[in-house]
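Only one structure is covered here, and it is reproduced in the block below.
Throughout, read-outs are computed from the coordinates displayed, never taken from laboratory work. Every value quoted in this text rests on a predicted model; they were computed, and no experiment measured them. Cβ sites come from the backbone with ideal geometry, for glycine too, and all protein chains shown count toward neighbours.
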């Protein structure tokens, strides 16, 4: 194990768990994400950072929008998988959303889809400060997180309020609309909605719910 992973395991075992997941299972996410209509908000050539790019599901949609993309993930294996999927259409960085290795006011937009969900309360606060630091004035933040109305809320052991640890040591936090608005109170609110989709899993109807936030620095 290299020094980066050793340090991650020691300091943030709940984040190191993602490296274990990708090592064990390979690609975790299929297809192309359509969570946001990025093209409607961003000009061609905009510098965009995706936090928690994983194996490239959302990056695939973003590179199609002709943006200057950078994908960051805490898992080196995830980054390697994203490189295989996206190729040279994006830059890739192994790193932590709480300590971004980028200059002040560097990006036109930051995409964080189901990333803050897996952080501790303190880490979420640090990540917000880092997002504000590297976003340009007027830059756009796209956020999506699990809602407290999601059918999986409560699964696992509660380790912090509304945050549950599952058997694989991954942490899942569930947000309310009020909490998301409070977390990003420094941003100019463009849109914040809760979306639920009913699905059938093993013959049982369940609700998959998420909160989507768009804000400007």
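Side notes on the structure shown:
- At R0 = 25 Å, FRET efficiency that the Cβ-Cβ distance of residue 2 and residue 160 yields, to 0.05: 0.30
- Gain on full stretching of the segment that runs from residue 41 to residue 148 - 0.36 nm per residue minus C-alpha separation: 35.8 nm
- Exposure proxy order (Cβ contacts within 10 Å, fewest to most) of 86, 110, 211: 86, 211, 110
- Residue exposure sequence - 3, 176 - by fewest surrounding Cβ within 10 Å: 3, 176
- Rel. contact order, % - alpha carbon contacts under 8 angstrom, at least six apart, region 30-116: 34
- Euclidean distance of C-alpha centroids, region 186-217 and region 1-78, integer Å: 20
- Normalising the average separation of contacting C-alpha pairs (under 8 angstrom, six or more residues apart) by the number of residues puts the relative contact order of the chain at 17 percent.
- Taking other Cβ atoms within 10 Å as a rough exposure proxy, 149, 167 sort from fewest to most as 167, 149.
- Nearest-0.05 FRET efficiency for residue 25 and residue 186, computed from C-beta distance (R0 30 Å): 0.25
- Value at 222 nm in deg cm²/dmol, rounded to 500, when DSSP H runs of n ≥ 4 in the chain each add -39,500 (n - 2.57): -8500 deg cm²/dmol
- Distance between modelled label sites at residue 99 and residue 169, nm, 7 Å Cα→Cβ extension: 1.9
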